[in-house]
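*Asks:* Provided herewith is a single structure, encoded as structure tokens, for subsequent inquiry.
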Amino acid sequence: QMLTLKMWDSYGDGWNNAMFTWATQGESGHIMIDTLSYGSSGSHQLPVYDPDACYTMDVSSGAWAYECSWEIQTALGDVLLEGGAPDYGQVICMSYNDTFVPSLAPTDAFVPSPAPTSDFACTTEMY
């Protein structure tokens with residue numbers, strides 16, 4: 001399974017050393033680290049290895065951070081997360097049926113639908 005990361009740079013010269021990090025929440029290491037090297041737009045496919053896991057997206061600042069924006073979309077084009085640079089601690093929680101609903105809590109996290117059982121928890125950590 002994959003999600004799509006769409007990236008934009010308002011000036012058109014890439015992200016100027018701002019980097020994104022895609023990782024499984026609670027695990028050491030990362031799945032992918034990359035950037036928008038040049039131009040005004042680009043995209044990456046973000047792997048979803050565990051359909052019941054939570055994933056984090058972090059974007060470092062780099063130079064001219066205010067030019068950077070991004071969003072993560074499903075295969076149907078539904079926007080799950082969006083942000084700029086720097087942006088740390090955004091979380092997406094997956095469900096086996098790829099249905100996403102916004103959390104009712106005041107966070108940037110998404111929770112699976114139907115609602116998780118009491119033994120499943122996914123949190124958003126903001127830095």
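Read-outs throughout are calculated quantities, based only on the coordinates presented, and are distinct from any laboratory measurement. Because the structure is predicted, anything quoted here is derived from the model rather than measured. Every residue, glycine as well, gets a Cβ built from its backbone with ideal geometry; the counts of neighbours run over all protein chains shown.
*Asks:* Order 39-46, 73-80 from most to least packed using the mean count of other Cβ atoms within 10 Å.
*Replies:* Values: 39-46: 14.5, 73-80: 12.2.
My ranking of the peptides, most packed first, is 39-46, 73-80.
*Asks:* Based on the Cα gyration tensor of the stretch 5-63, what are the three equivalent ellipsoid semi-axes, each the root of five times an eigenvalue, rounded to whole Å and given largest first?
*Replies:* On the way: eigenvalues 117, 28, 11 Å².
Three semi-axes, in Å: 24, 12, 7.
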